[in-house]
Every structure is written in structure tokens, then in C-alpha cells.
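Readers should treat all values here as calculations from the given coordinates under stated rules, not as data from a laboratory. Remember, it's a predicted structure, so these values are computed and weren't measured experimentally. Cβ placement follows ideal geometry from the backbone for every residue including glycine, while neighbour counts extend to all protein chains displayed.
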Ligand code: APR
């Protein structure tokens, strides 16, 4: 029986961490592809040389030739430019769409049966383009955004309440931009509503709401906060970890319920767009969309987020990308 083959398209900051995490978890053999000569070979040689110390037995190879991704079971795409300070994710549209088109054509040719996870930004547009160009069924093309946005939200809640982040359940829906929708009403600490814990802590519902609003706002802007500090690129450890959680769910057929940028066919009243929603991830990629009741305000925020995704897709089509 052969090991799973995982192709990483883009050997930059996120690509390098992805390769290392896959090796550490022994999820499969890795091919790290990049257009820059020697870069993926250098990173994978470095990672492979830790195999004795870290005790992993998978192959980790770098390549500048798409042929090497042939037969990959899973592909994770990070090719493209990251943000610089002052840029929005949408500012990357023109450059990254051109890159995504070439990347997708090669995935279609060399890994026609793969499940694809897209990380490149602007995420909702890039995953839409990838599905269109590969022509893969929509269940086999998904985007990573919600796992990270939710993890950021959970982290801020844990810090605020002084409890372990392991006990926080919090989810963010919608597009991967400033209009994303952190679901405050459903956020809980091992079943205890976060709002109730905040109200008990502050003994003042107005103050509790103010604190929650600040966490929601920080979650929405969390990517930009990291960009501002790094100055030369965007977040890479947490996006890589988040994509690995999704990859692991697919490779191990875990049926995890993870917020995923998924193609919607009427779920949540949305038709024909990729949007972040809870989905069951397993061997067949996106196996099911999980719907949940949203109140009037939550639905309005989701609709607003979907409008932002729609306008990004319209821009992409108008520019002929
Ligand atoms: N084919 C393959 N790789 C490419 C191509 C291409 N046509 N064009 C650029 N690349 C590579 C670059 O050479 C670089 O190594 O993509 C890699 C991107 O890596 P980084 O610049 O380090 O960016 P990273 O932080 O990894 O983010 C990648 O994910 O979160 C998003 O906004 C982020 O769009 C960005 C992407």
C-alpha cells in the first residue's frame, strides 16, 4: 500500500511550514513546488535533514517541475503574493488570479483526482477560480479561511476569560475579509455561553458586550494586525496549521465539522458562490454542508459578507481574470 501523496504549490512562508507539519505528522509524502529555482529544494532538504531527530519516515522533495506532482491525492495551494502593510486581501486580486489560473491548469493535468485546499488570497475569489479552471466537482475544491479566523476568535476569548483555549468553541462564517461573521451567540466554553461568562465577570451586560465587540473587531482585523507587525509578509504559522487540520480531516476521513470556504447550492439561502460555512470534511472532500439557525442580525451580516464575495467575483469576471 502506498503512502498518500501531498503536493504543495507555493514554497514560500506558508508552503515551508506546511511541508514541515506534514512531515512531523507523517500525513504522506510531500512535493513542494515553486517557480523560484532551488527555493523548494533548499527548504525540503532542510526539513528532510531533521527526519532522524523528529523521527519521520516520509519523503519531502522540492521541485520546479509540475510533473512531480503527478498523481497527488491532496494539493494545497499557497502560490501568490502575500499582503504588505496597508494592502487589503482584495488588492492581490489581479496578480494572484493570473498565478492561480496557471496553477489550476497544472493541477487539472497532473493531479486530476486530487482534493484541493486553496489558501492564496483573496481567498473566496481564488478558490472560485481554481474550481472553475480545474473543472473538479465542487466537493473536491475548498478554501481555508474559517478554521484560522475561528482559531483567532477562540484565542482572544481564551485570553480574555483566562481559560484554556482547548475548551473554547467559536466559529466564524462568511467571506475571508473584513465582513467575516464571528458567531457570538454560539461561542461557548465547554457548553457555557461566552457571553454569560463575560456578564458574570464584568457584572454589567453593557461592558460585557463592549468587550465582546472588541474581540469580534480584532478577529476581523487579525490578519492585518500580523501584517503590520511583520512588515514584509502576512501570517504563515497559523494559516499553515489551519490548512493542515483540514488536510488531516480529508486524508484520515475524519468527518470533522470545520468552517470551510465551500460552494453553496442554496444552503443558507446562497446559490452559486463559495462562502465560509460549517462543513463535514472527509475522504470525499466536502461531504456535507451543515446549516444552522441564524437570527435576523446574523443573517444580515452573512448576507453583507456574501455581497462582498459577489463583488470580488464580479471584479474578477469584469477584468477577464
Ligand atoms: N507558481 C508557483 N509558485 C508561485 C508562483 C507561480 N506562478 N508565483 C509565485 N509563487 C510562489 C512564490 O515564489 C513564493 O515562494 O508563491 C510563494 C508565496 O510565498 P510567500 O510570498 O512567502 O507568501 P505566503 O506567506 O506563503 O502566502 C501565500 O497565502 O495567505 C495567503 O495572502 C497570502 O496569497 C498569499 C498566500
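Of the peptides 62-68, 95-101, 142-148, the ranking by mean beta-carbon count within 10 Å, highest at the top, reads 142-148, 95-101, 62-68.
The overall shape of region 260-321, judged from the alpha-carbon gyration tensor, is oblate: a/c is not under 1.5, and a/b is no greater than b/c. Ordering 239-247, 290-298 by mean Cβ neighbour count within 10 Å, with the highest value first, yields 239-247, 290-298. Taking 0.36 nm per residue of sequence separation and subtracting the Cα-Cα distance, how much length would be gained by fully extending the chain between residue 186 and residue 108, in nm to one decimal? Full extension of this stretch gives 24.2 nm more.
At 222 nm, what value in deg cm²/dmol follows for the chain if DSSP H runs of at least 4 each add -39500 (n - 2.57) and the sum is divided by all its residues, to the nearest 500?
Helices in the chain give a 222 nm mean residue ellipticity of -14500 deg cm²/dmol.
Mean separation of Cα pairs under 8 Å and 6 or more residues apart, divided by the residue count, gives the chain a relative contact order of 17 percent. Please say if region 70-155 is rounded, prolate or oblate, where rounded means a/c under 1.5 for a ≥ b ≥ c the square roots of the C-alpha gyration tensor eigenvalues, and otherwise the choice is prolate for a/b larger than b/c and oblate otherwise? Note, shape of region 70-155 comes out oblate. Taking every alpha-carbon pair under 8 Å whose residues sit at least 6 apart, region 1-107 reaches a relative contact order of 31 percent. Does region 176-270 classify as rounded, prolate or oblate by the C-alpha gyration tensor (a ≥ b ≥ c root eigenvalues; a/c under 1.5 gives rounded; else a/b over b/c gives prolate, otherwise oblate)? It comes out oblate by the Cα gyration axes. Here residue 65 and residue 300 are evaluated by their C-beta separation; at R0 = 35 Å the FRET efficiency comes out at 0.10. Starting from the Cα of residue 88, step 7 Å toward the Cβ, then list every residue of region 232-253 with an amide N under 20 Å from that point. Under cut-off, by backbone N: 233-235. Peptides 113-122, 203-212, 272-281, ordered by how many other C-beta atoms sit within 10 Å of their residues on average, highest first, read 113-122, 272-281, 203-212. Note on the chain: with a GNM built from Cα contacts shorter than 10 Å, the maximum mean-square fluctuation among 269, 224, 28 falls on 269. Rounded to 0.05, the FRET efficiency of the residue 231 and residue 45 pair, given R0 = 22 Å and the Cβ-Cβ distance, is 0.20. Shape analysis of the chain yields a ratio of the Cα radius of gyration to the Kirkwood radius, Rg/Rh, of 0.97. From least to most packed, judged by other beta carbons within 10 angstrom and beginning with the fewest, 251, 123 follow the order 251, 123.
Projected onto their three principal axes, the Cα atoms of region 109-197 cover extents of 52, 24, 17 Å, largest first.
Based on C-alpha pairs under 8 angstrom that are at least 6 apart in sequence, region 130-274 has a relative contact order of 28 percent.
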